[in-house]
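Notes to accompany the following structure.
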Amino acid sequence: MNRVEPTAILRRQFDMEPAWAGLVERRRVAQALPPYQLASVADVTVCLERMLVAEGWQGRIGSVNRLGGGASKEQFLFDWHHRAEAGGGEKSCRYVLRTDPKSPIIETDCRREFAALTAMQGRVPVPEPVLLDHAGAYFNRPAMITRFVSGVTKPSVSQDRVSGLGTRLGEPLRSRMKRQFMTYLVAIHAYDWRSLPLPGFDVPDSDPYQAARWSIGFWDAIWRLDKIEERPVVTIAWRWLEKKLPACSDLVFTHGDYRTGNYLFDENRAEITAILDWELARIGDYHEDLAWILMRLFGVFEDKKFFAVDLYEREDFIVAYEEASGRIVNRATLRFYEILAVLKTYIVVAASGLSVARRKHSHQDVMLTYMGATTPMFASELTRLLLEEL
Amino acid sequence: MILPTVEERLDSIARALEAVIIPSLPEQAKLAIELTQLSIGHLKIVSGQLDKLGPLMATDQAAIFELGSGLAAQADGGAATMSAATALKAVLGGSDRYVPSRDVIASLSAAVCHLIDAASEDGRAEFTSYAVRTGLAFEQAQSGRERELFYGYGFDSTDNM
């Protein structure tokens, strides 16, 4: 058998999952569009009513409120009042509507997110997906409705002994939630996508390097589209990644953005109530999720001790994952994805976020430029990791 | 002296947002409140940065000039490397080292990256290694300066440094 040379396959080619290639093209086209005009809540309510009636919902919309938080989607919380079955009185259910602005900070396909949420029902806690309008028939942009899940993404009382960019949990939440976090991560990776295929998801199995190649192919394409300025560390990182592509023989379903801040939890019960933000889910290498979780800038330092996503110390996390999943963590592969993880976040804040803000394509331009202040942190972290590789 | 100063104008906008606009927003207008608070934070930090921006740009420009000059002088390798080195020399020669300009910094960064990229294709091993080492040393200093500038945003911590 001929050995596949990973670098030869990648060089200057955008080898990536077909669905993600479509997203890159959509982003390219969207760049030429005029500034985004924020729709009023009243206008959104009208569109929502049209959608629900067309979908056969019987009842009426209660209050619609725009939600804060997040840097990408527009989110609305609404109540739906309807008559209960068997002659009961009026019943009320709460839902979340999520729509894309003109150019989200990360280009994603809500059909895939919907499929991921559907597949995860009953396996890990996720919001129940209810309606999908990928074509933008009602809102002129992709939209999705899920059931509302209560919970918070960060403690209501701040932790003052810790520092860092990551969401801070502290004790006792840390000790009480770490095992849940691990259990759900392992459950996601254990999803049997061969027997239960995920619509819209392709499998990077043409050669052992394709999982890694698809990931860097997508982010390289986004970098080329969105970059504001060249930066030596980014060029050095791309070339390093090309040379170090890891092989993957154990493809799993990955979340893509699994970390504290992207799940809801009940503060009193210290219980994870919903895992959110599945837009970057794909079939790939489990090391990609592990590296994302272990990123120093998503973690927290407390009394000089580092906690990944404020749940696990680094080595504890690796050992716990190996024990819970039965998989081996390959340190060289992990390092590849750690460097890629920092590069991805650099691209998100320094290229995509600022590019969207410059084009006035989001309702949260001010949030994107605010987050842009993290750019040097990611550049610095990327430099630190690459220096360790010299 | 130009009066009112830029700082005075920014500070007065922040105060209007903080003291008048936010209190008059309805409680359920969460996104509006959140974005207004961010705007206030931005304005206050920008106001405090104004004095530092000029000297910082001059330092950045000197640093990228130094990196570019070193790489251009040391470049060694095949056609791609030597062509990128020639292009970098042209940018260096056509830019004023002592007049700080974002465009000059951006042009030099692009030419430097092109040379690092080309060196990974056909550069001599010694030069490729030199380009990576000096490129990362440059980034260490550059990102350090930038982190100091943006420290007021509250994302960074000395633990990460």
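The values are calculated or read from the model by the stated rules, or taken from the named source; none is laboratory data. Every value quoted in this text rests on a predicted model; they were computed, and no experiment measured them. Ideal geometry is used to build each Cβ from the backbone, glycine not excepted, and the neighbour counts take in all protein chains shown. Keep in mind that these areas ignore ligands, DNA and RNA; they rest on the heavy atoms of the full protein, side chains included. Shrake-Rupley method; radii C 1.70, N 1.55, O 1.52, S 1.80 Å.
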Requested in this report: Take A:ALA135 and decide whether it is within 27 Å of A:LEU368 (Cβ to Cβ) and open to solvent by less than 50 Å² (accessible area, probe 1.4 Å).
Outcome: no
Requested in this report: Hey, could you check the range B:4-48 for residues that are acidic (Asp, Glu) and in a helix (DSSP H, G or I) and say which is nearest to the other protein chains (Cβ to nearest Cβ)?
Outcome: B:GLU34
Query raised in the report: If A:ILE236 passes every condition in (1) more than 19 Å from the chain's Cα centre (by Cα); (2) more than 19 Å from A:ASP289 (Cβ to Cβ); (3) not in a helix (DSSP H, G or I) but one, which one does it miss?
Result: (3)
Report task. Would you be able to tell me the number of residues in the range A:97-116 that are open to solvent by less than 20 Å² (accessible area, probe 1.4 Å) and of a type outside the set (Gly, Ala, Ser)? Result -> 11
Query - Selection status of B:ALA131, open to solvent by 50 Å² or more (accessible area, probe 1.4 Å) and at the interface with another protein chain (Cβ under 9 Å from one of its Cβ atoms) - result: no
Report summary line: If we ask which residues in the range A:232-251 are basic (Lys, Arg) and within 11 Å of chain B (Cβ to nearest Cβ), their number turns out to be 2
Report summary line: If we ask which residues in the range A:239-272 are under 17 Å from A:GLU17 (Cα atoms) and not in a loop (DSSP other than H, G, I, E, B), their number turns out to be 4
Query raised in the report: For A:GLU171, all conditions in the list (1) assigned to a loop (DSSP other than H, G, I, E, B); (2) modelled with pLDDT of 90 or more; (3) surrounded by 17 or more Cβ atoms within 10 Å (Cβ to Cβ) hold save one; what is the number of the exception?
Result: (3)
Query raised in the report: Is it the case that some residue within the range A:165-172 is free of Cβ contacts under 8 Å to residues at least 40 places away in the same chain and acidic (Asp, Glu)?
Result: yes
Query raised in the report: Identify, please: which residue in the range B:77-108 is among the basic types (Lys, Arg) and at pLDDT below 95 and is, among those, most open to solvent (accessible area, probe 1.4 Å)?
Result: B:ARG102
Query - Criterion (within 18 Å of A:ALA137 (Cβ to Cβ), at pLDDT 85 or above and not aliphatic (A, V, I, L, M)) met by exactly one of A:TRP57, A:TRP80, A:TRP20 - result: A:TRP57
**Report entry** Total residues in the range B:23-66, condition within 14 Å of the chain's Cα centre (by Cα) and small (Gly, Ala, Ser)
**Finding:** 4
Query raised in the report: Across the range A:183-217, what is the number of residues that are surrounded by fewer than 20 Cβ atoms within 10 Å (Cβ to Cβ), within 21 Å of A:GLU322 (Cβ to Cβ) and among the aliphatic types (A, V, I, L, M)?
Result: 3
Query raised in the report: With respect to A:VAL348, is the statement that it is in contact with a Gly (Cβ under 9 Å, 6 or more places away or on another chain) and in contact (Cβ under 8 Å) with a residue 40 or more places away in the chain true?
Result: no
Report task. Only strands (runs of 3 or more DSSP E) wholly contained in the range A:37-145 count here; list those with 1 or more residues that are over 19 Å from A:GLY200 (Cα atoms) and more than 14 Å from chain B (Cβ to nearest Cβ). Result -> A:60-67, A:74-83, A:90-99
Report summary line: Cβ pairs under 7 Å, 6+ apart or interchain, first in the range A:325-338 and in the same structural domain as A:ILE216 (by TED's automatic domain parsing), second open to solvent by 40 Å² or more (accessible area, probe 1.4 Å), ordered by first then second residue, are A:ARG327/A:ASP250; A:ILE328/A:GLU322; A:VAL329/A:GLU322; A:PHE336/A:LYS244
Query raised in the report: For the range A:214-231, which residues satisfy the criterion of being facing chain B (nearest Cβ under 7 Å) and touching a residue at least 24 places away in the same chain (Cβ under 8 Å)?
Result: A:ARG231
Report summary line: Of the residues in the range B:106-122, those that are under 17 Å from the mean Cα position of the chain (by Cα), more than 15 Å from A:VAL233 (Cβ to Cβ) and at the interface with chain A (Cβ under 9 Å from one of its Cβ atoms) come to B:ALA106, B:ALA111
**Report entry** Residue check for B:ASP159: modelled with pLDDT of 95 or more and either in contact with a strand residue (DSSP E or B) (Cβ under 9 Å, 6 or more places away or on another chain) or over 30 Å from A:ARG296 (Cβ atoms) (or both)
**Finding:** no
Query raised in the report: Across the range A:317-334, what is the total count of residues that are within 21 Å of A:LEU165 (Cβ to Cβ) and not aromatic (Phe, Trp, Tyr)?
Result: 1
Query - Every pair of residues 6+ apart whose Cβ atoms lie under 9 Å, when the first sits in the range B:72-101 and is at negative phi while the second is assigned to a loop (DSSP other than H, G, I, E, B) and crowded, with 18+ Cβ neighbours inside 10 Å - result: B:THR81/B:ALA75; B:MET82/B:ALA75; B:ALA84/B:ALA75; B:ALA85/B:ALA75; B:THR86/B:ALA75; B:LEU88/B:ALA75; B:LYS89/B:ALA75; B:SER101/B:SER95
